[in-house]
Amino acid sequence: MSDFFSDGFFKNINLQDSSNWATDFVQDVIIPRLPEAVAGHFSVELGTVIVMLVCAGIFVAVVPLLPLVLVLAERKVAARFQNRTGPMRVGPWGTLQTLADGLKLIFKEDFIPPQGDKVLFLLAPYVIFACSFAVFAAIPFGQDILVSDFNIGIFYIMAISSVIVMGVIMAGWSSNSKWSLLGSLRSAAQIVSYEIPLGLSILTIVMLVGSLSMREIVASQDGGIFTWIIFRSPFTFIAFFIFFISAIAEVNRTPFDLPEAESEIVAGFHTEYSGMRFALFFIAEYANMFAVSAIGVTLFLGGWQGVLPGYDFLGGLPGFVIKTLGLVFLMMWLRWTLPRLRVDQLMNLCWKYFIPISFFNILGTGIWGLIFKEDDVWSIGISCAIIYIALISAYAIAGRNLARRPEPQPS
Amino acid sequence: MESTQQTESKIIELKPFTDEMVVNMGPQHPSTHGVLRLELRLDGEIVREAIPHIGYLHRCFEKHSENLSYPQIIPFTDRMDYVAAMNQNWGFCLAVEKLLEMDETKDFAVPERAEYLRVLICELNRIASHLLSFGTYGMDIGAFTPFLYAFRDRERLLLLFEKVCGARLTYNYIRIGGVSEIIPLEPGSIAEQNYLDEIEGFLDYFEPKIDEYNDLLTSNSIFSERTMGVAVMPAEMAISYGATGPNLRGSGVDWDLRRDEPYSIYDRFDFDVPIAKDIPELGAVLGDCWSRYKVRMDEMKESVKIVRQILAEGLPDGPVMADLKAVRPPKGEIYFRSEAPRGELGFYIVSDGTPKPVRVKGRSPCFSALSALQELSRGLMVADIIAIIGSIDIVMGEVDR
Amino acid sequence: MKSEEIYDVLVDKFGESILGIDSELAGDPSIQIAPTAISDVCQFLADTDTLAFDSLMCLSGIDLGVKEEVLSVVYHLHSMKNHHNVVLKTSVPKTDAHIPTVSHIWKTADWHERETYDLYGILFDGHADLRRILLPDDWEGYPLRKDYQEPDFYRGMRVPY
């Protein structure tokens, strides 16, 4: 029994890497600098915990700035799509607008529906907020910029991001509003469904790389743009798009923004929230958006690895952020262009198209792995050629269909 | 209906039963186009029944009218369909003029110049109204951007209206016997030429934009998925419910008052009446939401055509107001209908020979079209309700009067 | 078909129930119908092929004045097939305003009859759902009647004018 506890519940899962950088930091940097009298009694474990807590504090303080920027970016991007200028009054070119909005939200009344479930109502925004930030812990932003290198990194991310739906349902249920309930149930159905193609498309990568660790997934893409997983095989190319579309559905953005479809169910699960709690939902939404883009970049687009082998072009932290913001921009672009799907169409897309294609992908990746034992110039060349031919033919077919599509002429 | 449901449930004994949820959609709701309240009885996402409750914007138009003289009623018609107020003014004035028996044989006919100005302004207003409908429909379906594009273009039209009557929304421009002279547009003056040039500039800008909007929204596959085949209103049903205008033509009935019962000078212009058709290749069913929407998009082109013909001819010289001493119709009654952007706008006026009417009834196209909602929405989903409301294009000011 | 011709057809069919045609005043001539027969006449107008009045353009109530003892209902019919119009008019006493419904013939009459009931208090017999439509459900009186007095209070709130 004692063995069981000392080894942990899950022996094979290593939540804390043996070479923890915080422990190293305490041992190599802090202890030598301490006065000898203290250093002798200083426990490395305590030091590690303190260092980790400080890091977490910095993290929680810094990451909310990200949504601050993203909200402004979204508004500016939307404005440009719509021939407007966006916010222009607060600060130069309106750059402080979100800050002002945040301040306004803090000072707003914090309304709790009297008939609602108070505890769940208060808890829900924190659940969503905490989960969407916990995801950042496993994302490698750069070579050594990684909070914790689990050996089950991607699994952890999937698990944590699934908990968000709990928060959404809590919010919808506890608001005692029918619109909220409708929105949260839509959200539950949607997130649970889209988790499957998302997970299956991640599985193709795990099969290819042979590891769940985010660090290793990135490390396997170190040979420049053509060793990025998206180009490794035709199946990962498909998987990327399934991943990206499912991710949009996961973070509830247009065309999959049914849980908060403004024109249908008012504001969905956060209809009854006001003030800072509403802001938490908002921050969480944008943090989520950044997180799924970052995961997409890590898994498919080389993470912090550069475009050219051996050079740091589009590599490191700046490269990673640029690539991530590229995906974020793509999401914004879609949002301001596309209308919204209906619930049944959303489910159709997931269950009738994405999941079968994902299974096909897994099969294909397995066969690909059997044919090409390891990645070499040949396998990548063939893969890129197939992708190229497929794209060209898809373009031709789509073009022909569009040309054949008759423009309905009245009378 | 009740009995058939009961027998069904007897046959399928293991039918899972879920509680119905009664939800109030509106009167404050982002996409009920005003203060419409729908009592939805939902089974999950499926709408068992959607019962419209109206009257939140009832401003006693008919009661007020009985205590006002005829010219004083015109501003009230502005407030009916505030999106196409010019057409409402015109509809009322046409009815009163008919009751006054104004025509060429009498010495107080509506002057030629006024007729041209009326058609010009009302067709521009029709474009503005359809633009709003297009924009809000996009927003109902979830695309936000077309809404702002539509408002950008509508803004230019509102500026044009402002130049002839000083108002942006409630114009009170078309008067009994002519049009308002508050801001004079002298025949042959530079001001007139500039104004017409400005309209021409707008048309040149706007005509390609319609195709752009068709590319952006009409042919968008998500948009077509959402609207095609949804809430099909067959022709008989549309006629029976009194759906008119684009809603009727969306059901494939070839009927346009401007062509079939020409009033004013519409018989002088050459324009087509857009009719929806079954398009199996695309998936569009005759009478669905998409058809009604598409008819509006095509109608904008026809309005552009009419305005271009007026610009090519130029406005005739002469006064803009008939020589009318007092508006005092003879004893009698009239029902006159005209083609407003939302359909057949009728005014029923009973006169007893005094300067005030005994009875004025506005027959609003939206009122009739909205009554079909309950039947159209049965068994569809919540999202479809929004699509239907947008596609029948209601303005609550007109429904409630 | 002209209104006069339709009048002749109706007289042939319904006889006494058709009270006359009113074509002297300005505007459209209207055919006077006895209130009890209105539903049958409308059914006949809608079903006969030569007439085929498939659309009800407008249904409105009229109250001509305080001294009048009747309320009238006017039906403006139009035929999409044959492109002709007709106006029917029927009058009922104010004290006992009952008219058979036509909402089973034209669905649009449903709401129009509700509106007429709401504003004039004319009861349409056989109407499936005769509720107030524009005014609140608990409104007292029928505002478009000429003898209507504006209430001083509504639900205990003073109406300010």
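Looking across region C:124-143, the residues that are buried (at least 17 other Cβ atoms within 10 Å of the Cβ) and within 14 Å of the chain's Cα centre (by Cα) come down to C:Phe124, C:His127.
Being surrounded by fewer than 18 Cβ atoms within 10 Å (Cβ to Cβ), away from every other protein chain (no Cβ under 14 Å) and over 21 Å from the mean Cα position of the chain (by Cα) is true for just one of A:Gly86, A:Gly91. Which residue is that? Quick ask: steps written out before the conclusion?
On the way: A:Gly86 fails: away from every other protein chain (no Cβ under 14 Å).
Every option except A:Gly91 fails the conditions.
Being among the small types (Gly, Ala, Ser) and modelled with pLDDT of 90 or more is a property that B:Ser129 has.
Of all the listed residues (B:Glu225, B:Glu192), the sole one being touching a helix residue (DSSP H, G or I) at 6+ places or on another chain (Cβ under 8 Å), modelled with pLDDT under 85, not polar (S, T, N, Q) and not in a loop (DSSP other than H, G, I, E, B) is B:Glu225.
Filtering B:Arg308, B:Arg292, B:Arg359 for residues that are buried (at least 22 other Cβ atoms within 10 Å of the Cβ), more than 14 Å from chain C (Cβ to nearest Cβ), of a type outside the set (Ser, Thr, Tyr) and not in a loop (DSSP other than H, G, I, E, B) leaves a single hit, B:Arg292.
Here B:Leu99, B:Leu157, B:Leu120, B:Leu131 are screened, and the one residue that is in contact with a helix residue (DSSP H, G or I) (Cβ under 6 Å, 6 or more places away or on another chain) and either outside the structural domain of B:Pro246 (by TED's automatic domain parsing) or more than 30 Å from A:Trp336 (Cβ to Cβ) (or both) is B:Leu120. Determine if region A:178-186 includes at least one residue that is in contact with a Phe, Trp or Tyr (Cβ under 9 Å, 6 or more places away or on another chain), within 14 Å of chain B (Cβ to nearest Cβ) and closer than 21 Å to A:Leu338 by Cβ. Yes, there is a match, as at least one residue in region A:178-186 is in contact with a Phe, Trp or Tyr (Cβ under 9 Å, 6 or more places away or on another chain), within 14 Å of chain B (Cβ to nearest Cβ) and closer than 21 Å to A:Leu338 by Cβ. Going through (1) assigned to a helix (DSSP H, G or I); (2) touching a Leu at 6+ places or on another chain (Cβ under 8 Å); (3) within 30 Å of A:Glu216 (Cβ to Cβ) one by one, A:Phe150 falls short only on (1). Just to be sure, is B:Gly138 touching a Pro at 6+ places or on another chain (Cβ under 8 Å), in contact (Cβ under 8 Å) with a residue 60 or more places away in the chain and not β-branched (Val, Ile, Thr)? Here the answer is yes, as B:Gly138 does meet what is asked.
For (1) within 14 Å of chain A (Cβ to nearest Cβ); (2) within 29 Å of B:Glu97 (Cβ to Cβ); (3) under 22 Å from the mean Cα position of the chain (by Cα), each residue gets a yes or a no:
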{"position": "B:Arg175", "(1), (2), (3)": "no, yes, yes"}
{"position": "B:Val179", "(1), (2), (3)": "no, yes, yes"}
{"position": "B:Pro184", "(1), (2), (3)": "no, yes, no"}
{"position": "B:Pro187", "(1), (2), (3)": "no, yes, no"}
{"position": "B:Phe206", "(1), (2), (3)": "no, no, yes"}
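In the condition set (1) at pLDDT 85 or above; (2) of a type in the set (Asp, Glu); (3) surrounded by fewer than 14 Cβ atoms within 10 Å (Cβ to Cβ), A:Glu109 is compliant with all but (1).
Taking region A:298-343 as the range and being within 27 Å of A:Leu185 (Cα to Cα), in a loop (DSSP other than H, G, I, E, B) and not polar (S, T, N, Q) as the test, the residues that pass are A:Trp336, A:Leu338, A:Pro339, A:Arg340, A:Leu341, A:Arg342.
For (1) among the aromatic types (Phe, Trp, Tyr); (2) at pLDDT 85 or above; (3) under 30 Å from A:Met214 (Cβ atoms), each residue gets a yes or a no:
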| position | (1), (2), (3) |
| --- | --- |
| A:Val71 | no, yes, yes |
| A:Glu74 | no, yes, yes |
| A:Gln82 | no, yes, no |
| A:Gly94 | no, no, no |
| A:Ala100 | no, yes, no |
| A:Pro113 | no, no, no |
| A:Leu120 | no, yes, no |
| A:Ile128 | no, yes, yes |
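Within the set A:Leu370, A:Leu327, A:Leu338, the sole residue that is surrounded by 11 or more Cβ atoms within 10 Å (Cβ to Cβ), under 24 Å from A:Gly199 (Cα atoms) and either assigned by TED's automatic domain parsing to the domain that holds A:Glu264 or modelled with pLDDT under 85 (or both) turns out to be A:Leu327.
Consider region C:21-44 and keep the residues that are within 14 Å of another protein chain (Cβ to nearest Cβ) and in a helix (DSSP H, G or I). The one that is farthest from the chain's Cα centre (by Cα) is C:Gln43. Inside region C:3-44, residues that are of a type in the set (Gly, Ala, Ser) and over 22 Å from B:Ala95 (Cβ atoms) make up a count of 6. Checking each residue in region B:20-37 for being in contact (Cβ under 8 Å) with a residue 12 or more places away in the chain and within 12 Å of chain A (Cβ to nearest Cβ) picks out B:Glu20, B:Met21, B:Val22, B:Val23, B:Asn24, B:Met25, B:Gly26, B:Ser31, B:Thr32, B:His33. The sole residue among C:His76, C:His98 that is within 9 Å of another protein chain (Cβ to nearest Cβ), within 13 Å of the chain's Cα centre (by Cα) and closer than 17 Å to C:Ser39 by Cβ is C:His76. Scanning region A:98-130 for residues that are assigned to a loop (DSSP other than H, G, I, E, B) and in contact (Cβ under 8 Å) with a residue 60 or more places away in the chain returns A:Lys108, A:Glu109, A:Asp110, A:Phe111, A:Pro113, A:Gln115, A:Gly116. When region B:67-93 is examined, which residues are found to be among the β-branched types (Val, Ile, Thr) and either within 20 Å of B:Val327 (Cβ to Cβ) or assigned to a helix (DSSP H, G or I) (or both)? Result: B:Ile73, B:Ile74, B:Thr77.
With respect to the conditions (1) within 11 Å of chain A (Cβ to nearest Cβ); (2) surrounded by fewer than 23 Cβ atoms within 10 Å (Cβ to Cβ); (3) among the aliphatic types (A, V, I, L, M), B:Ala276 falls short on a single one, namely (2).
Of the residues making up region C:26-38, those that are surrounded by fewer than 20 Cβ atoms within 10 Å (Cβ to Cβ) and out of contact with any Asp or Glu (no Cβ under 7 Å at 6 or more places or on another chain) are C:Ala34, C:Thr36, C:Ala37.
The single residue among B:Ile385, B:Ile334, B:Ile349 that is more than 14 Å from chain C (Cβ to nearest Cβ) and β-branched (Val, Ile, Thr) turns out to be B:Ile385. Could you please let me know if A:Phe269 is part of a helix (DSSP H, G or I), in contact (Cβ under 8 Å) with a residue 24 or more places away in the chain and more than 18 Å from the chain's Cα centre (by Cα)? Criteria met by A:Phe269.
Comparison of B:Ile73, B:Ile51, B:Ile127, B:Ile46 shows that the only residue that is in contact (Cβ under 8 Å) with a residue 60 or more places away in the chain and touching a Pro at 6+ places or on another chain (Cβ under 8 Å) is B:Ile73. Of all the numbered requirements in (1) in contact (Cβ under 8 Å) with a residue 40 or more places away in the chain; (2) farther than 23 Å from B:Gly346 by Cβ; (3) within 11 Å of another protein chain (Cβ to nearest Cβ), C:Tyr120 misses one, and that requirement is (2). Scanning region C:53-64 for residues that are over 12 Å from the mean Cα position of the chain (by Cα) and either under 17 Å from C:Tyr148 (Cβ atoms) or more than 11 Å from every other protein chain (Cβ to nearest Cβ) (or both) yields a single hit, C:Leu64.
The values are calculated or read from the model by the stated rules, or taken from the named source; none is laboratory data. In this text the structure is predicted, and so the values were computed from the model without any measurement. Methodologically, a virtual Cβ is constructed for each residue, glycine included, from the backbone with ideal geometry; neighbour enumeration extends over all protein chains shown.
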